[in-house]
1. Using a Förster distance of 41 angstrom, determine the FRET efficiency expected from the C-beta separation of E145 and S198, and round it to 0.05.
2. For the chain, what D do you get in µm² per second when you plug the Kirkwood radius from alpha-carbon pairs into Stokes-Einstein at 10 °C and 1.306 mPa s?
3. When ranked by the protection proxy of mean other Cβ atoms within 10 Å per residue, highest first, what sequence do the peptides 197-209, 82-94 form?
4. Computing the accessible area with a 1.4 Å probe over protein heavy atoms, can you report the carbon and sulfur percentage for the chain?
5. Just how large is the dipole of the chain about the Cα centre, in debye to the nearest 20, putting +1 at every Lys and Arg Cβ and -1 at every Asp and Glu Cβ?
6. At 25 °C and 0.890 mPa s, grab the translational diffusion coefficient of the stretch 58-178 from Stokes-Einstein with a Kirkwood Rh over Cα pairs, rounded to a whole number in µm² per second.
7. Order the peptides 244-253, 46-55, 210-219 from the highest to the lowest mean number of other Cβ atoms within 10 Å of their residues.
8. Find the centroid of the Cα atoms in the stretch 51-97 and in the stretch 145-179, then give the distance between the two in whole Å.
Amino acid sequence: MKKTLIAMAAAAVAFTGLAAPASADGERFVLVSHAPDSDSWWNTIKNAIAVAGDQMGVEVEYRNPPTGDLADMARIIEQAAASNPNGIIATIADYDVLSGPLSNAVAKGIPVITINSGTEEQSKKIGALMHVGQPEYDAGKGAGEKAKAAGVTSFLCVNHYITNPASVERCQGYADALGVELGNQMIDSGQDPAEIKSKVMAYLQGNPDTNGILTLGPTSAHPTLAALEDMGKSGTIHFGTFDISGEIAEAIKGDVIAFAIDQQPYLQGYLPVVILTNLARYGVVPGNSINSGPGFVTKGNIALVEKYAGEYR
């Protein structure tokens with residue numbers, strides 16, 4: 001019996017050795033985002049592709065237009081395709097501007113996975129393998145439903161990237177959930193913190209009945225927090241935001257922000273690298289797109305995520 005067990009163990013070890021994954025082949029992938037250099041939210045995605053690259057034994061390059069210019073982003077995608085990587089990961093910040101370069105990459109035989117901005121339908125039209133992201137209109141609507149339940153009737157949507165159609169979908173979903181017109185309740189805040197703070201203060205002074213605020217990420221949330229503090233309104237207006245950061249986490253704990261919508265950007269960076277690596281090595285790929293969000297971070301669950309903010313969350 002003892003000899004039989006030893007033989008079985010030896011066979012198991014031998015089988016495990018045969019079944020081990022192939023060694024790293026050094027594939028190279030390029031992730032192209034629409035984010036300007038000033039947008040710190042993307043640090044989580046940069047961290048995700050670094051982790052995935054190390055784990056999979058591949059090279060992942062991060063490229064972006066320094067100022068957020070989408071025509072520049074289109075050129076970066078073209079340059080990435082010309083370098084013949086094993087795959088391209090890209091946002092669809094504006095379908096009209098980016099669908100051409102991305103479709104051309106697909107036609108060239110380069111596997112493409114779209115992430116973050118854009119929709120599953122747009123991704124399919126481009127010919128991408130899948131989309132890993134958050135349905136933006138649905139996320140905005142979910143935020144609006146929470147705001148409506150809290151009694152919000154008049155709001156301000158602080159849009160710091162209004163040239164990205166997905167950002168407008170967030171504000172529109174919020175308005176639709178409240179059953180009101182979006183109209184001038186969405187402002188083009190720009191990306192300069194001082195300018196955002198000034199515009200938020202001006203809007204609230206001109207519209208004193210505003211009882212709800214939605215910001216679209218740390219870029220607009222942080223100056224809005226400062227504006228409310230200076231006006232003595234912190235905690236008096238229902239405040240929801242997209243995405244998480246250290247400052248946002250503190251504001252949630254302090255009852256200034258009601259919730260943050262977490263689209264789990266780490267997954268948007270990490271999963272495409274793993275998927276493209278497995279496609280390159282073994283020819284396997286999931287058959288459907290992946291919704292990385294929305295999830296809602298509130299005071300009730302903030303302790304679970306705040307220590308990872310800016311790195312994994």
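1. Approximately 0.85, to the nearest 0.05.
2. Details: Rh = 20.8 Å.
Answer, rounded: 76 µm²/s.
3. The densest-packed peptide leads the list: 82-94, 197-209.
4. Within the chain, the accessible surface is 53 percent carbon and sulfur.
5. Using Cβ point charges on Lys, Arg, Asp and Glu, the chain gives about 1200 debye.
6. D = 158 µm²/s.
7. 210-219, 244-253, 46-55
8. Between the Cα centre of the stretch 51-97 and that of the stretch 145-179, the gap is 29 Å.
The values are calculated or read from the model by the stated rules, or taken from the named source; none is laboratory data. All values derive from a computational prediction rather than experimental measurement. Positions of Cβ are generated from backbone atoms using ideal geometry, with glycine treated the same way; all protein chains shown enter the neighbour counts. Just so you know, the surface numbers come from the protein's heavy atoms only, side chains and all, with ligands and any DNA or RNA stripped out. Shrake-Rupley method; radii C 1.70, N 1.55, O 1.52, S 1.80 Å.
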